[in-house]
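Have a look at the structure below, then the notes.
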Amino acid sequence: MQRGNLSITILGSGTSTGIPVIGCRCDVCRSQHPLNRRTRCSVLISYNDHNILIDTSTDLRQQILREDIRHIDAVFYTHSHADHLHGIDDLRGFNLHTKSAIPLYGSPKTLERIKNSFSYIFDHSIPVGYIPHLELCPLEQPVSMFGLTMEPIQMEHGWISTLGYRCGPLAYLTDCNAIPASSMEKLQGLDLLILDGLRFTPHNTHFNIPQAIEVAQQIGAKQTLLTHLSHEVDHPVHDQQLPPGINLAYDGQKICFPSHKEDCS
Ligand SMILES: [Zn+2]
Ligand SMILES: [Zn+2]
Ligand SMILES: [Zn+2]
């Protein structure tokens, strides 16, 4: 990748079950259309030769292989729900090549849950190589690396809090059903917004698509993609019905920002 080039790849655009849903015989789950097959939610931000992964989804291994990702410099977690976390053990494959720890960023609460849920990873009596080599980095404010700044955005996801992330001209906000005013202020002037838009019917912990459209129009990014999509969403049918500038995300979608010019010193 050329110096200064920023991109984001949708590794997974599906809700917690993945699509098709195990055992479901609905039209979308039986669809052979590639846009209706969704792995669990995650994105990769690439800048020059650096890769930042947001979440380690349950489907991380197949996402990494599909996109031919050779290294990960850092992982940022939105929250600790299983669909965003349980691929964590597959980070071990990157350690085998780099021989160094991968930093994991997230809220102190999310990192505490990761440590408790995957205690073997942080058991230093087990030799590196048998377990992933990861370093917990609690995130309270924006952090800069490789010339990029990752700014945490506080959100509500039912009864828990989650973090979205802004990175220059783009923001990734999944697993949310409310965005406080203080966070909305941090979302001005975006080129790309990727936003939770689970399904058409209401849900207790996710924006549904009508709510997501309303929030997207308030934020006013040049382009918005809806993600964390359930099997209610038939991509070829429903994508065309969205307002201008708003589309459904799909697995493998890549958006480039060739003119992005943060200093990379
Ligand atoms: Zn989720
Ligand atoms: Zn289904
Ligand atoms: Zn969640």
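Of 19, 42, 102, which is farthest along the charge dipole of segment 1-106 in the positive direction, counting Lys and Arg as +1 and Asp and Glu as -1 at C-beta?
Checked the options; the winner is 19.
Which percent, to the nearest 5, of DSSP beta bridges fully inside segment 155-265 are antiparallel?
35 percent
What fraction of the DSSP beta bridges in the chain is antiparallel, stated in percent and rounded to the nearest 5? Display every interim value, and only then the final one.
Working: 30 of 55 bridges.
Close to 55 percent.
Once amide H atoms are built 1.01 Å from N in the peptide plane, which residues 5 or more positions from residue 38, or in another chain, come under 5 Å H to H?
Those qualifying (amide H under 5 Å, at least 5 residues apart or on another chain) are 19.
Could you order peptides 107-115, 20-28 by the average number of other Cβ atoms within 10 Å of their residues, highest first? Could the numbers behind the result be given before it?
Values: 107-115: 17.2, 20-28: 12.8.
Listed from highest to lowest mean packing, they are 107-115, 20-28.
By counting other Cβ atoms within 10 Å of each Cβ, how are 160, 194, 121 ranked from fewest to most?
160, 121, 194
How many lysine pairs in the chain, separated by 8 or more positions in sequence or lying on different chains, have Cα atoms less than 25 Å apart?
On the way: 99/115; 109/186; 186/222; 186/254; 186/261; 222/254; 222/261.
Step by step, the pairs that qualify in the chain add up to 7.
Tell me, how many Å apart are the Cα centres for segment 140-154 and for segment 166-213?
So the two Cα centres are separated by 18 Å.
Can you give me the Rg/Rh ratio for segment 188-265, using Cα atoms for both radii and the Kirkwood formula for Rh? Each step should come with its number before you reach the end.
Numbers: Rg = 13.8 Å, Rh = 13.5 Å.
Computed over Cα atoms, the ratio is 1.02.
Can you give me the long-range amide H partners of residue 5? Hydrogens built in the peptide plane at 1.01 Å from N, cutoff under 5 Å, separation of 5 or more residues or another chain.
Those lying under 5 Å, H to H, from residue 5 are 48.
Amide H neighbours of residue 134 under 5 Å, counting only residues 5+ apart in sequence or on other chains, H built in-plane at 1.01 Å?
Correct list: 102.
Dividing the Cα radius of gyration by the Kirkwood radius, what Rg/Rh value follows for segment 69-191?
Dividing the radius of gyration by the Kirkwood radius yields 0.99.
Once you have a ≥ b ≥ c as the square roots of the Cα gyration tensor eigenvalues for segment 35-125, tell me rounded if a/c is under 1.5, and otherwise prolate or oblate according to whether a/b is larger than b/c. It would help to have the intermediate numbers written out before the result.
Numbers: a/c = 1.58, a/b = 1.18, b/c = 1.34.
It is oblate, given that a/c is not under 1.5 and a/b is not larger than b/c.
Show me, for segment 45-58, the HN-Hα J-couplings you get by feeding each phi into the Karplus relation (A = 6.51, B = -1.76, C = 1.60, θ = phi - 60°), rounded to Hz, glycine and proline as x.
Once θ is set to phi - 60°, the couplings for segment 45-58 become 9, 10, 9, 6, 9, 9, 10, 10, 9, 9, 6, 10, 5, 4 Hz.
What net charge do the residues around residue 122 carry, taking every other residue with its C-beta under 15 Å from that of residue 122, with Lys and Arg at +1 and Asp and Glu at -1? Numbers along the way, then the final one.
Values: positive: 92, 113, 115; negative: 89, 112, 123, 135.
Result for the local shell: -1.
Quick one: if you take sqrt(5λ) for each eigenvalue of the C-alpha gyration tensor of segment 120-182, what semi-axes come out, biggest first, whole angstrom?
29, 17, 9
Please list 3J(HN,Hα) in residue order for segment 118-124, calculated via the Karplus relation 6.51 cos²θ - 1.76 cosθ + 1.60 where θ = phi - 60°; whole Hz, with x for glycine and proline.
Once rounded to whole Hz, the list reads 10, 4, 4, 5, 9, 8, 6.
What FRET efficiency do you get for residue 68 and residue 156 if R0 is 45 Å and r is their Cβ-Cβ distance, rounded to the nearest 0.05?
Once the sixth-power term is evaluated, E becomes 0.80.
Got a sec to turn the phi values of segment 180-186 into Karplus ³J(HN,Hα) couplings, 6.51 cos²θ - 1.76 cosθ + 1.60 with θ = phi - 60°, whole Hz, x for Gly and Pro?
x, 4, 5, 7, 4, 4, 8
Using only C-alpha atoms and all pairs of different ones, pull out the Kirkwood radius for the chain in Å with one decimal.
By the Kirkwood definition, the hydrodynamic radius is 18.6 Å.
What number, rounded to the nearest 500 deg cm²/dmol, is the helix-based mean residue ellipticity at 222 nm of the chain, given -39500 (n - 2.57) per DSSP H run of at least four residues and division by all its residues?
Calculated from helices alone, the mean residue ellipticity at 222 nm is -4500 deg cm²/dmol.
Just so you know, all these numbers are worked out from the coordinates, no wet-lab data involved. Keep in mind that what you see is a predicted model, and the values were worked out from it rather than measured. Using ideal geometry, Cβ is built from the backbone for each residue, glycine included, and neighbour counts are taken over all protein chains shown.
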